[in-house]
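**Q** Quick one: the structure is below, questions incoming.
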Protein chains: 2
Amino acid sequence: MTEHFHASADVLGERTRNALLEAGASAETAEATTQALLYASEIGVDSHGVRLVVHYAAMLRSGRVKKNPMLKTSRTAPATAMVDADDGLGHYACYRAMELALEMAAQTGIGAVGVMRSSHCGAVGAYAVKAAEAGMIGIVTSNSDANVTLFNGTKAFHGTNPIAMAAPVSGQRPWLLDMATSSIPFNRVRLYRSLGLPLPPDVAADAEGNLTQDAMRAAMLLPLGGAGYGFKGAGLAGMITILSAVLTGAVIDPRLIQMTETRDFATPRNVGHFIIALEPARFVGREAFDGAMQDYLTLLRAVPSTRPGETVMAPGDREWKTAEQRKLTGIPVDPDTRQFLKL
Amino acid sequence: MTEHFHASADVLGERTRNALLEAGASAETAEATTQALLYASEIGVDSHGVRLVVHYAAMLRSGRVKKNPMLKTSRTAPATAMVDADDGLGHYACYRAMELALEMAAQTGIGAVGVMRSSHCGAVGAYAVKAAEAGMIGIVTSNSDANVTLFNGTKAFHGTNPIAMAAPVSGQRPWLLDMATSSIPFNRVRLYRSLGLPLPPDVAADAEGNLTQDAMRAAMLLPLGGAGYGFKGAGLAGMITILSAVLTGAVIDPRLIQMTETRDFATPRNVGHFIIALEPARFVGREAFDGAMQDYLTLLRAVPSTRPGETVMAPGDREWKTAEQRKLTGIPVDPDTRQFLKL
């Protein structure tokens, strides 16, 4: 995106926050959403970065999400809680849920929080990283609207259902996994359509569930593992639906109103999330954990890559490197978002 | 395996237990191991079924695993515990760890247990199912010796690191996911070698990390997602290593003594496991959970398959169906295992 306009995180944050406030968001909602969007933009996950402010502002105005949600949190047991997001934007609820999980984990060793009546929450890694920054392991999942087929299925059933885990690394940025359970996101299909290019093999199916590389005919995504091993990706997507939605009282993927492919932008969707925080000190102990994590990452990063002269990367390495670069260069902003943010 | 000899679960269980006792296993070890092996044999996961008794008996005799391990369990916080498996067989430790997790989850809503100084524990689903049978959600992971490459890596680094989740379904057998984070197990490579057949594409690499379908040249497995999206499978394998080994004080995958490809069958390996139990009643509530789970599975099982006349299956459906069949037909036993068990 080097051809794009670049903005500093400070300026971009201010404009994003203001755009959300102008759309009616409460201060808490605007702050949490801005923080989550900037997180994704800073580490290079532009699909979940500030460009989403255009969509969120529209949803605040159309009534799908509440402008001033009143989160209802309830501790259901010493190590568990529920957050009713009151049909607000998901970011505010997710940050609060992770705070709760961390509070409980400090007392009981692990804390688990279900979030219901929520909406899109951006990159789930944003909340997992909060745990790692507090010295804990964070795990976050979210369900989403159906656009991934089952194994040998003929209909889109699960969402791209992401899972993130972040683990603290002493003296370094966290180990950070944040992945959808499909091979590619549906936005990639739209991109290939606009470019007139064929899709990679084994990632999408037509409306009948047959494999296709024709971006125009692609109607749904295949689960991770593709035509051969997609029962694993579909199983993981199901695990995430059960934790995020079945367990929390949210709407399951195939019944969710589509995020964008719908005419209904006024009805709340009731998306669900599931959040765990784990205290390493309550397992092997802090010092031993830190040492083992260093050992693991040192060994991993020393493995030669199949690309000559390179070594392999751990999950998160690329993202934190991008964040360093973007501190210097600013964050690229696409033309539509730039116009919307009056940059 | 219709050409195989078949034995009833009762007879097979008795012979398996006796073989372990003859190899010196304590009554507790023999009982737990037999239960876990029979579980896998009953549901059709023969790779993790009774055939493993031959290996386990050898390990009891060679000194890698202790015949009469004294499990040391410690509650480290209200919702967390550690189990030191005392270098015994993994099954005994894993059943005990799941019992502990369930006890804690009944009190605190969620319980998490790390297991260290363990060994191979068979199919991790065996322990997850125990949670579902108690009305809870169970999640179980284990690390294992290196035979899966990293994304673009040139060395085997992670194990096939399985994850299992089981969720209770009112009036039915549990929803049950039990999967390795590689596309295929290494035993499949050995099978293709013996058959003289080429491997499927995108599942294995040669000793330099280059994709190969030549079973004779295959030196390691690719992570789930293959050459294109294997960063996801590798990330999941890493998540499982961190939870099962880094967090518990077990040995990380690339430092583990190989399970079979080694001359050292006398040194304990210190494999690690991680076990979570979750109480649905502490989230959306028991009744709502049961209803949502039914709704989810009814919708899923109604989706037409790409195979004419069929519908798709949920994780576990095939396994429970096999279990019903094998109640009638008995369990197939391969010739080597039959001879070992004197059947």
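**Q** Take B:Ser41 and tell me if it is touching a strand residue (DSSP E or B) at 6+ places or on another chain (Cβ under 6 Å), buried (at least 21 other Cβ atoms within 10 Å of the Cβ), in contact (Cβ under 8 Å) with a residue 24 or more places away in the chain and more than 14 Å from chain A (Cβ to nearest Cβ).
**A** Taking the combined requirement at face value, the residue satisfies it.
**Q** Which strands (runs of 3 or more DSSP E) does the range B:22-138 wholly contain that include 2 or more residues that are under 27 Å from B:Pro315 (Cα atoms)?
**A** In the range B:22-138, B:110-118 are the strands (runs of 3 or more DSSP E) which contain 2 or more residues that are under 27 Å from B:Pro315 (Cα atoms).
**Q** Output the number of residues of the range A:188-200 satisfying the condition of being within 25 Å of A:Met313 (Cα to Cα) and not charged (D, E, K, R).
**A** Result for the range A:188-200: 1.
**Q** Something else now. Could you grab the pairs with beta carbons closer than 8 Å, sequence gap of 6+ or different chains, first residue in the range A:260-284 and within 12 Å of chain B (Cβ to nearest Cβ), second one open to solvent by 30 Å² or more (accessible area, probe 1.4 Å) and basic (Lys, Arg)?
**A** A:Asn270/A:Arg117; A:Pro280/A:Arg286
**Q** Farther than 25 Å from B:Ser142 by Cα, within 11 Å of chain A (Cβ to nearest Cβ) and not β-branched (Val, Ile, Thr): is that true of B:Asp290 in this structure? Reasoning before the result, please.
**A** Numbers: farther than 25 Å from B:Ser142 by Cα: yes; within 11 Å of chain A (Cβ to nearest Cβ): yes; not β-branched (Val, Ile, Thr): yes.
Yes, satisfied.
**Q** Name the residues in the range B:284-343 that are within 17 Å of A:Ser244 (Cα to Cα), among the charged types (D, E, K, R) and under 27 Å from the mean Cα position of the chain (by Cα), would you?
**A** B:Asp290
**Q** From the list A:Gly228, A:Gly316, which one is buried (at least 22 other Cβ atoms within 10 Å of the Cβ), facing chain B (nearest Cβ under 10 Å) and not basic (Lys, Arg)?
**A** The match here is A:Gly316.
**Q** OK, next. What about B:Thr16, is it open to solvent by less than 10 Å² (accessible area, probe 1.4 Å), part of a helix (DSSP H, G or I) and in contact with a Lys or Arg (Cβ under 9 Å, 6 or more places away or on another chain)? Before you say what the answer is, go through the steps one by one.
**A** Details: open to solvent by less than 10 Å² (accessible area, probe 1.4 Å): yes; part of a helix (DSSP H, G or I): yes; in contact with a Lys or Arg (Cβ under 9 Å, 6 or more places away or on another chain): no.
So B:Thr16 fails the test.
**Q** Ok, one more. What are the residue pairs meeting all of these: first residue in the range B:198-224, first residue within 12 Å of another protein chain (Cβ to nearest Cβ) and within 11 Å of B:Gly153 (Cβ to Cβ), second residue acidic (Asp, Glu) and surrounded by fewer than 23 Cβ atoms within 10 Å (Cβ to Cβ), Cβ atoms under 7 Å, and 6 or more apart or on different chains?
**A** B:Leu222/B:Asp202
**Q** Now for a separate question. Is it true that B:Ala234 is over 10 Å from B:Phe151 (Cβ atoms), surrounded by 20 or more Cβ atoms within 10 Å (Cβ to Cβ) and either at pLDDT 95 or above or not acidic (Asp, Glu) (or both)?
**A** On the way: over 10 Å from B:Phe151 (Cβ atoms): no; surrounded by 20 or more Cβ atoms within 10 Å (Cβ to Cβ): yes; either at pLDDT 95 or above or not acidic (Asp, Glu) (or both): yes.
No: the conditions fail for B:Ala234.
**Q** On the basis of being in contact (Cβ under 8 Å) with a residue 60 or more places away in the chain and more than 9 Å from every other protein chain (Cβ to nearest Cβ), does B:Leu243 make the cut?
**A** Values: in contact (Cβ under 8 Å) with a residue 60 or more places away in the chain: yes; more than 9 Å from every other protein chain (Cβ to nearest Cβ): no.
Answer is no for this residue.
**Q** For the range A:159-200, what are the residues that are open to solvent by 50 Å² or more (accessible area, probe 1.4 Å), polar (S, T, N, Q) and part of a loop (DSSP other than H, G, I, E, B)?
**A** Correct list: A:Ser170 only.
**Q** So which of A:Met70, A:Met82 ends up being open to solvent by 10 Å² or more (accessible area, probe 1.4 Å) and within 14 Å of another protein chain (Cβ to nearest Cβ)?
**A** Working: A:Met70 fails: within 14 Å of another protein chain (Cβ to nearest Cβ).
The unique qualifying residue is A:Met82.
**Q** Something else: Kindly check whether there is at least one residue in the range B:161-183 that is closer than 27 Å to A:Asp295 by Cα and away from every other protein chain (no Cβ under 12 Å).
**A** Yes: one or more hits.
**Q** Those residues that are under 16 Å from the mean Cα position of the chain (by Cα) and aliphatic (A, V, I, L, M), I need them from the range A:168-208; list them, please.
**A** Correct list: A:Leu176, A:Leu177, A:Met179, A:Ala180, A:Ile184.
**Q** Hey, can you tell me all the residues within the range A:260-276 that are touching a Lys or Arg at 6+ places or on another chain (Cβ under 8 Å) and hydrophobic (A, V, I, L, M, F, W, C)?
**A** Correct list: A:Phe265, A:Ala266.
**Q** Additional query: Please determine whether any residue of the range A:85-97 is under 19 Å from the mean Cα position of the chain (by Cα), of a type in the set (Ser, Thr, Tyr) and under 30 Å from A:Phe283 (Cβ atoms).
**A** Among the residues of the range A:85-97, at least one is under 19 Å from the mean Cα position of the chain (by Cα), of a type in the set (Ser, Thr, Tyr) and under 30 Å from A:Phe283 (Cβ atoms), which makes the answer yes.
Here's the yes/no breakdown for (1) touching a Gly at 6+ places or on another chain (Cβ under 8 Å); (2) open to solvent by less than 10 Å² (accessible area, probe 1.4 Å); (3) within 11 Å of chain A (Cβ to nearest Cβ):
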position: B:Gly90; (1), (2), (3): yes, yes, no
position: B:Gly111; (1), (2), (3): no, yes, yes
position: B:Gly114; (1), (2), (3): yes, yes, yes
position: B:Phe157; (1), (2), (3): no, yes, yes
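**Q** Moving on to the next point. Picking from A:Arg15, A:Arg51, A:Arg96, A:Arg61, which residue would you name as being closer than 22 Å to A:Met136 by Cα and touching a residue at least 24 places away in the same chain (Cβ under 8 Å)?
**A** Answer to the selection: A:Arg96.
The values are calculated or read from the model by the stated rules, or taken from the named source; none is laboratory data. Everything numeric here is computed off the predicted structure, so don't read it as measured data. Don't worry about glycine lacking a Cβ; one is built from the backbone with ideal geometry, like all the others, and counts go over all protein chains shown. Keep in mind that these areas ignore ligands, DNA and RNA; they rest on the heavy atoms of the full protein, side chains included. Shrake-Rupley method; radii C 1.70, N 1.55, O 1.52, S 1.80 Å.
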